[in-house]
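The values are calculated or read from the model by the stated rules, or taken from the named source; none is laboratory data. As the structure is a computational prediction, the values presented were derived from the model and not from experiment. Virtual Cβ from ideal backbone geometry, glycine too; neighbours counted across all protein chains shown. Note: areas computed on protein heavy atoms with side chains; ligands, DNA, RNA excluded. Shrake-Rupley method; radii C 1.70, N 1.55, O 1.52, S 1.80 Å.
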Amino acid sequence: MAAASSSSSLPSSQPFSPPSSILIIGSGVFGLSTALALARRDAFSQCSITVVDRSDPSQPGTFPSPDAASIDTSRIIRADYADPAYTALGDEAQAQWRKQDTPADLGAQGRYHEAGLLLVGDASPPAPVAAPSSGGLKPKLTGMDYARKSWANVLSLASKNPALAARVRELPNPDAIREALGTGGSSGSWGYINNNSGWANATASMAWFFDQVQKTGRVNFVAGTVVSLERAEDTVTGAKLSDGRVLSADLVVVAAGAWTGGLVDLAGQTVATGQVLGYMDITEAEQEKLANMPVILNLSTGLFIIPPTDRVLKIAQHAYGYLNPVTPANPPLPFSPSPATQPATTTPTPISLPRTALTDPDLSIPAAAAADLRRALHEMIPWPALHDRPFRKTRLCWYADTADADFLVDYHPHWRGLFVATGDSGHAFKFLPVIGDKVVDCIVRDRPVQFRGKWDWKVTELQQSAAGVAVFTEDGTRGGTPGLVLAEALGEVVPSV
Ligand SMILES: *[C@@H]1O[C@H](CO)[C@@H](O)[C@H](O)[C@H]1NC(C)=O
Ligand SMILES: *[C@@H]1O[C@H](CO)[C@@H](O)[C@H](O)[C@H]1NC(C)=O
Ligand SMILES: *[C@@H]1O[C@H](CO)[C@@H](O)[C@H](O)[C@H]1NC(C)=O
């Protein structure tokens, strides 16, 4: 397995000594999973662990926050990845999701459904586009490249187990795709079905996971909104909350998802993008007709549909997404404590940060995006009764996107006492049961070998100071147009000439 290495990813020559206190900002997938892994590691048995989140865990139904990326009806659970490192990690996670023998198991009580995943793409890939400017990390994959590599990776995974192998089948043309989809619809011109993949109920799984963390008795949960990081010289010492409280710790782990860029300057590293979802009410009879439908994801456009279980059909798009550039009241922690390495700019640069229905109750999705969701519906489930049925609800789900869709799990290059675990790039949820252990491996400077060079902090001073390095995820899974601005797409702002 070829893994790029970089000096910061190698274990430090000094033995790691656990801090006496750790503060985790954010109780989403990265934060909660990391808290559980820390609570279970002997090396941290003397360390106090605190998780702070803007939502209150003692209030059922609001934890994690309803506008967080980890919340909603469903998330695809797959080992179908173009990159074998994530295929292996997905396989590790699926071993946990598949546990459903007792109600206490992660995959039980409707939390995991192995409904199958139909991945489709375009048979004639467009000419390759140059890699993005931020590092030139990997060549850009098309949706079709991604689908083919993913197929090869799941076949290789299944080759060790004939039972798994029998559940993967190539779908070489639209008719084969139509047959596997079973709705009468078809999408794309080549694909494959993997019945070893499925989806999880995100809300229910997060609640289950929170329960596991609670049961350790080791983690202190604090409800509060972090507005800034506390620092002394070159060290981050804690976090300040909106009500003025300060939480101090020897090590601060920022795992605030798409909100992370509001606390730590992540210019050129990750960017918050809003992704569209639509929910449509269906009848019991319609749901029954979809009982054997797999998840379908068209990698040429990122449009996908998840089979319904509670008479709600979810249609969404995994796209370049919408940016929401704002200038926050509290600027994020600068890239470096020393002014010499600061970008020579005095005007605050806008940062893309989430805009959600919690702060903006009338927020809708852009009309063009709603039309794309409907196009997916017409193609994938072409039933006259659904053709014009309105969405009951639409939503923006905010990703922390990196250029290569690799996570960002690393110590900060300049600030002591600061670690970030973010950069979900819209594909982290499935790793909920295993990602925390990998994050803690990185904290103890024993980064898993297959992720060396991938989860590292990649931006150099030079790139950071070349302000406004655009980050677009070019891993082959994203549809749509890069760089759309939400307010403009909503018709709120006339673009300046
Ligand atoms: C699915 O992919 C094909 C290309 O294979 C594309 O032409 C089509 O528009 C896509 N459909 C949807 C609903 O995304
Ligand atoms: C996948 O599962 C569906 C529904 O159970 C079944 O009809 C189909 O034959 C399966 N496909 C493969 C390749 O196993
Ligand atoms: C997911 O679980 C929640 C309860 O935790 C439940 O209210 C909801 O109906 C479930 N959704 C699906 C799609 O199964």
Give the stretch 179-199 a look and list any residue that's over 14 Å from L290 (Cβ atoms) and either open to solvent by less than 20 Å² (accessible area, probe 1.4 Å) or more than 15 Å from ligand 1 (Cβ to nearest atom) (or both), or say none. E179, S186, S187, W190, G191, Y192, I193, N194, N195, N196, S197, G198
Find all pairs meeting these conditions: Cβ atoms under 7 angstrom apart; at least six residues apart or on different chains; first residue within the stretch 30-46 and of a type in the set (S, T, Y); second residue not in a helix (DSSP H, G or I). T34/I24; T34/V253; T34/A255; T34/A421
R78 being away from ligand 3 (no atom under 16 Å from the Cβ), open to solvent by 20 Å² or more (accessible area, probe 1.4 Å) and under 25 Å from K215 (Cβ atoms): no
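Taking strands (runs of 3 or more DSSP E) that fall entirely within the stretch 365-457, which contain at least 2 residues that are touching a residue at least 40 places away in the same chain (Cβ under 8 Å) and open to solvent by 20 Å² or more (accessible area, probe 1.4 Å)?
By residue number, 393-401.
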Residue match in the stretch 330-341 (condition: in a loop (DSSP other than H, G, I, E, B), among the small types (G, A, S) and in contact (Cβ under 8 Å) with a residue 40 or more places away in the chain): yes
Please verify whether S55 is under 24 Å from the mean Cα position of the chain (by Cα), at pLDDT below 95, of a type in the set (G, A, S) and not in a loop (DSSP other than H, G, I, E, B), treating the condition exactly as stated. no
Determine whether D175 is open to solvent by 40 Å² or more (accessible area, probe 1.4 Å) and within 16 Å of ligand 3 (Cβ to nearest atom). no
Looking at (1) open to solvent by less than 20 Å² (accessible area, probe 1.4 Å); (2) more than 16 Å from ligand 2 (Cβ to nearest atom); (3) farther than 24 Å from D265 by Cα, which is the one condition that is false for P307? (2)
Exactly one condition in (1) modelled with pLDDT of 95 or more; (2) open to solvent by 50 Å² or more (accessible area, probe 1.4 Å) is false for D122; which is it? (1)
